[in-house]
Amino acid sequence: MLLKGKTIIVTGGSNGMGKYMAMSFVAEGANVVITGRDKERLENAKLEIAQLGDHIEVFQMDVRDPDHVAAMVEFTDKTFGSIDGLVNNAAGNFIVETAKLSPNGWKTVIDIVLNGTFYCSSAVGNYWINKGTKGSIINMLATYAWGAGAGVAHSAAAKAGVMSLTRTLAVEWGSKYGIRVNGIAPGPIERTGGAGKLWESEEAAKRTIQAVPLKRLGKPEEIGDLATFIMSDKASYMNGEIVTLDGGQWLNQFPF
Ligand code: HXC
């Protein structure tokens with residue numbers, strides 16, 4: 001019961017890593033609101049997560065719309081009476097050669113990943129600042145935020161922006177308000193949106209696993225465990241940190 005009594009919002013929480021983080025939070029005693037664009041997917045995820053505990057609610061929204069974000073904060077506060085954590089997990093991505101990426105394709109991913117993270121962080125951060133309470137934010141990154149994202153230039157640029165925002169807010173909001181802001185940089189994780197899009201063929205999956213020193217994909221439950229620790233009071237001195245969970249993949253520059 002590491003998170004007993006805490007209320008946590010997970011954007012993009014109806015599937016993939018978002019859903020598994022929500023499951024882990026609920027299992028550890030938290031109240032959780034998952035958000036997403038598709039009502040049916042949200043309701044299905046709620047049914048699944050409710051098997052672990054009944055403190056789960058859904059809110060249909062698009063992180064690209066600041067009005068939706070404001071309504072989501074109000075809904076969470078009204079439903080559970082407080083907000084203690086936010087996971088900026090909602091993402092958009094597709095593989096495309098950069099030369100073929102349209103301005104709107106670029107803008108769409110930047111809007112979801114970078115702007116959406118800012119809108120949600122700003123709304124929840126201001127909620128804490130106005131109330132004089134503290135909270136914790138986790139931003140979902142990717143190791144290509146500091147490496148190279150060949151074929152996903154839009155996502156890599158957006159995640160690099162989110163990495164910068166993570167560190168900046170950790171200092172700005174940490175110093176003034178005691179708000180912690182950290183990031184998780186997952187490698188290839190099974191049963192996620194990324195798995196479906198970035199290494200969907202058997203060939204691509206094999207190549208991916210070969211590049212991971214531990215020779216397997218990560219499990220979304222492992223992301224849930226890490227996020228639970230970072231959200232909990234056990235990590236109360238962790239701020240501005242970006243934790244990589246990739247089986248050592250990004251270090252594998254010279255595989256043998
Ligand atoms: C080229 C594409 C494209 C593709 C979309 N576009 N898919 N261009 N190749 N495969 C272009 C469209 O042509 C359009 O540009 C623009 O992008 C917007 O497309 P829409 O379909 O209108 O956008 P929208 O309905 O808002 O959908 C957003 C989306 C979609 C990102 C395209 O895939 C989505 O909603 N995804 C959410 C879930 C997701 O992607 N999860 C995976 C995250 S994985 P034009 O010019 O034609 O108007 C992840 C992994 C991280 O982040 C780390 C892994 C290690």
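Rule-based calculations on the coordinates, nothing more; no lab input. Keep in mind it's a predicted model, so treat the numbers as computed, not measured. Ideal geometry is used to build each Cβ from the backbone, glycine not excepted, and the neighbour counts take in all protein chains shown.
Hey, can you tell me all the residues within the range 50-71 that are away from the ligand (no atom under 16 Å from the Cβ) and within 18 Å of Asn15 (Cβ to Cβ)?
Passing the criteria: Ala50, Gln51, Leu52, Ile56, Glu57, Val58, Phe59.
Do you know which residues across the range 192-248 are of a type in the set (A, V, I, L, M) and more than 21 Å from the chain's Cα centre (by Cα)?
Ala204, Ala205, Ile209, Ala211, Val212, Leu214
Any residue at all in the range 44-67 that's of a type in the set (Phe, Trp, Tyr) and either surrounded by fewer than 20 Cβ atoms within 10 Å (Cβ to Cβ) or part of a helix (DSSP H, G or I) (or both)?
no
Please specify each residue of the range 1-21 satisfying the condition of being among the aliphatic types (A, V, I, L, M), away from the ligand (no atom under 16 Å from the Cβ) and not in a loop (DSSP other than H, G, I, E, B).
Ile8, Ile9
Considering only the range 34-43, state which residues are β-branched (Val, Ile, Thr) and loosely packed, with under 15 Cβ neighbours inside 10 Å.
The answer is none; no residue qualifies.
Return yes when Gly132 is buried (at least 19 other Cβ atoms within 10 Å of the Cβ) and away from the ligand (no atom under 15 Å from the Cβ) and no when it is not.
Criteria not met by Gly132.
Scan the range 27-46 and report the pairs whose first residue is without any contact (Cβ under 8 Å) to a residue 24 or more places away in the chain and whose second residue is surrounded by 16 or more Cβ atoms within 10 Å (Cβ to Cβ) and outside any loop (DSSP other than H, G, I, E, B), with Cβ atoms within less than 7 Å and a gap of 6+ or a chain change.
Every condition considered, the pairs that remain are Lys39/Gln60; Glu43/Val58; Lys46/Ile56; Lys46/Val58.
Please identify the pairs in which a residue from the range 117-132 that is under 16 Å from Arg180 (Cβ atoms) has its Cβ atom under 7 Å from the Cβ atom of a residue that is β-branched (Val, Ile, Thr) and assigned to a helix (DSSP H, G or I), counting only partners at least 6 apart or on another chain.
Going by the 7 Å Cβ cut-off, the qualifying pairs are Thr117/Val162; Cys120/Val69; Val124/Val73; Tyr127/Val73.
For (1) under 15 Å from Gln249 (Cα atoms); (2) within 13 Å of the ligand (Cβ to nearest atom); (3) out of contact with any strand residue (DSSP E or B) (no Cβ under 9 Å at 6 or more places or on another chain), each residue gets a yes or a no:
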{"residue": "Ile138", "(1), (2), (3)": "no, no, no"}
{"residue": "Ala142", "(1), (2), (3)": "yes, yes, no"}
{"residue": "Ala145", "(1), (2), (3)": "yes, yes, no"}
{"residue": "Thr168", "(1), (2), (3)": "no, no, no"}
{"residue": "Ala185", "(1), (2), (3)": "yes, yes, no"}
{"residue": "Gly193", "(1), (2), (3)": "no, yes, yes"}
{"residue": "Pro213", "(1), (2), (3)": "yes, no, yes"}
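Does the range 3-15 hold any residues that are farther than 11 Å from Gly224 by Cβ and in contact with a helix residue (DSSP H, G or I) (Cβ under 9 Å, 6 or more places away or on another chain), and which are they?
Matches in the range 3-15: Leu3, Lys6, Thr7, Ile8, Ile9, Thr11, Gly12, Gly13, Ser14, Asn15.
Please go through the range 81-124 and give me each residue that is more than 10 Å from the ligand (Cβ to nearest atom), within 23 Å of Glu57 (Cα to Cα) and either within 14 Å of the chain's Cα centre (by Cα) or among the hydroxyl-bearing types (Ser, Thr, Tyr) (or both), ordered by number.
Residues satisfying the conditions are Ser82, Gly85, Leu86, Val87, Asn88, Gly116, Thr117, Phe118, Tyr119, Cys120, Ser121, Ser122.
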